[in-house]
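Remarks on the structure that follows.
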Amino acid sequence: METEPQKMPKVPKVKNKAPAEVQITAEQLLSEAKERDLEILPPPPKQKISDPDELADYQHRKRKAFEDSLRKNRTVISNWIKYAQWEESQKEVQRARSIYERALDVDHRNIILWLRYAEMEVRNRQVNHARNLWDRAVTVLPRANELWYKYTYMEEMLGNVAGARQVFDRWMEWEPDEQAWLTYIKFELRYKETDRARRIYEKFVSVHPDIRNWIKFARFEEQHGFISGTRGVFERAVEFFGDELMDEKLFLAFAKFEEGQREHDRARVIYKYALQHIPKNRTQELYKAYTIHEKKYGDRTGIEDVIVSKRKFQYEEEVKANPNNYDAWFDYLRLVESEGDLEVIRETY
Amino acid sequence: MEAPELGESSFKQKQAEYMKRLRDLHTKRNEARQMNHKEVMEEDKRKKLPSNWEARKRQAEWILNNEEKRREAEKKGEDYDRVKLLHIDAIEAERIDRKKKKKNPDPGFADYEQATARQYNRLVNSMKPDMEQYKYQKEKMGEAFYGGQNVILHGLHKDTKEGIDHMVQDLEKQIAKREKYSRRRMHNDDADIDYINERNMKFNKKLERFYGEYTTEIKQNLERGTAV
């Protein structure tokens, strides 16, 4: 009598538990599987849509597929975007809009959604919709510079320069990075509004008080031919930075400008002032530029003066570092002697 | 009788002379014909040449000269580029430099904002502002043209069809350019198959991309069966 119905024939017990000589590898399994082509399905037959019913059917099927994928995972933004792009390709702009809005409900901080949505509106010539949309986007995400760039570009392309200007003003209120300010200035210069450009530059250097920006401001003035303006800018920059934050680059630029204006005395004065006021360790470039300037425009004594002061400074450094370095002391003395100032010589001895 | 003899001989002479002259003229005519014919052939050949034959010939000659000079310089042991530079005028050198400055090399991807700014600058460089329209709008809007953020510009600007067309065309161009940024890769049929379906294949490729350079040694060891 059988206690339970046996479903399988009895498997003989395995006696030899050693591994076989030739083992199959995983790679071989995979390549054999690939060769057998078990999972390859023939492609569905191509159907041409011939009447509105078929079209409705096709759209219904596609929409169902898209909505299913969204139901599975609504945080994957690319599903939303693919769905919306498909609706756009079917020329169903209202549906596309609603899809984008639903997507924004899911993730309103995603810049790509905003960008694609606005692009769709503009491509379908819905310019006022696009404007409203950009307005919302920059209100929700004011620090996303991409949105601002595209918004101003759109307004400028449409010919609405006043609108573009207003958007730029709103943007600058947020005090964005330097590139944004420069973009605004370039925009104004495109329409030859140098006054406004100047005012923007003023705000710019107060928001981003970096020496490079002051130099850019001065260059702007120079390029438009406002020489006294340039000088004013440079002087203000010098005042603004004071002594501690001063940097040689500013003086270099200032002196180069004066050279360009053929005001060599002023250039000399600037160099001397700079050398006096900047702590000595940052004046390499300045010395070089000064010597070149003197070689170009100065006379022999001027050149000698500069070189002498440079070497004097070097020697001072050396003797401070190494008070027992007699060679350095003697070189220094010789130099000072050649200058011919008796008091200083006595002191040095 | 002498006179008729003389006459006869002079007649013969004259005849000979005339014949000679005639023959000369004949030869000259023939020569002229030949030369003309030659000229015609050459002109025909010249017309049939490609339009930039002269330019191409000049270029080829220049290249040959260049090669020769380079070989000479190398024989002497000099740096050919420096020698070449010494022969260029200062003005020409400036011109060449200015041409090179126009290039805008791609600094590689930093972040999306930089990429957008770069695209913006490129598009804006090719934009030509319509100053007429600008002046007209300035007149029309008056104060509001330069207003700040709080000035209401709502009803003041009407979009023209040309403006919208312009924007749409530009956008289409941008989109077309964007399509070209990623290219389709060929499928390598005889590469190793380490996947069980398409999604797995892409994932494996991703892993290869990120970890490939660090795991080459480990892979080699595994293939061999023992570490080195």
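The values are calculated or read from the model by the stated rules, or taken from the named source; none is laboratory data. Keep in mind that what you see is a predicted model, and the values were worked out from it rather than measured. Note: ideal-geometry Cβ built from the backbone for every residue, glycine included; neighbour counts use all protein chains shown. Accessible surface areas use protein heavy atoms only, side chains included; no ligands, DNA or RNA. Shrake-Rupley method; radii C 1.70, N 1.55, O 1.52, S 1.80 Å.
Filter the range A:125-154 down to the residues that are assigned to a loop (DSSP other than H, G, I, E, B) and more than 9 Å from chain B (Cβ to nearest Cβ) and list them by number.
A:Q126, A:L141, A:P142, A:R143
Do we find a residue being more than 8 Å from every other protein chain (Cβ to nearest Cβ), open to solvent by 10 Å² or more (accessible area, probe 1.4 Å) and out of contact with any helix residue (DSSP H, G or I) (no Cβ under 7 Å at 6 or more places or on another chain) anywhere in the range A:214-222?
yes
When you go through A:R123, A:R116, A:R61, A:R143 one by one, which is the residue that is over 30 Å from B:H166 (Cα atoms) and not hydroxyl-bearing (S, T, Y)? Working first, answer last.
On the way: A:R123 fails: over 30 Å from B:H166 (Cα atoms); A:R116 fails: over 30 Å from B:H166 (Cα atoms); A:R143 fails: over 30 Å from B:H166 (Cα atoms).
From the options A:R123, A:R116, A:R61, A:R143, the qualifying one is A:R61.
Only one of B:K69, B:K38, B:K57, B:K84 is modelled with pLDDT of 90 or more and either hydrophobic (A, V, I, L, M, F, W, C) or surrounded by 10 or more Cβ atoms within 10 Å (Cβ to Cβ) (or both); which?
Details: B:K69 fails: modelled with pLDDT of 90 or more; B:K57 fails: modelled with pLDDT of 90 or more; B:K84 fails: modelled with pLDDT of 90 or more.
Answer to the check: B:K38.
Restricting attention to the range B:97-110, and to residues there that are within 25 Å of the chain's Cα centre (by Cα) and modelled with pLDDT of 80 or more, which single residue is surrounded by the most Cβ atoms within 10 Å (Cβ to Cβ)?
B:N104
Considering only the range B:136-181, how many residues are touching a helix residue (DSSP H, G or I) at 6+ places or on another chain (Cβ under 9 Å) and among the hydroxyl-bearing types (S, T, Y)?
2
Within the set of pairs 6 or more residues apart or between chains, which connect a residue that is touching a residue at least 24 places away in the same chain (Cβ under 8 Å) inside the range A:190-217 to a residue that is open to solvent by less than 40 Å² (accessible area, probe 1.4 Å) and not in a helix (DSSP H, G or I) with Cβ atoms less than 7 Å apart?
Correct list of pairs: A:I211/A:D247.
Look through the range A:159-177, keep the residues that are of a type in the set (G, A, S) and facing another protein chain (nearest Cβ under 7 Å), and return whichever of them is most open to solvent (accessible area, probe 1.4 Å).
A:G159
Scan the range B:72-81 for residues that are part of a helix (DSSP H, G or I) and open to solvent by less than 100 Å² (accessible area, probe 1.4 Å) and jot them down.
The answer is B:E72, B:A73, B:Y80, B:D81.
Quick one: is A:E54 closer than 24 Å to A:Q126 by Cβ and acidic (D, E)?
no
Could you please let me know if A:L182 is crowded, with 19+ Cβ neighbours inside 10 Å and either free of Cβ contacts under 8 Å to residues at least 40 places away in the same chain or more than 12 Å from chain B (Cβ to nearest Cβ) (or both)?
For A:L182, the condition - crowded, with 19+ Cβ neighbours inside 10 Å and either free of Cβ contacts under 8 Å to residues at least 40 places away in the same chain or more than 12 Å from chain B (Cβ to nearest Cβ) (or both) - is not met.
Would you mind listing the helices (runs of 4 or more DSSP H) fully within the range A:21-102 where at least 1 residues are surrounded by fewer than 10 Cβ atoms within 10 Å (Cβ to Cβ) and at pLDDT 95 or above?
Answer list for the range A:21-102: A:52-72, A:77-89.
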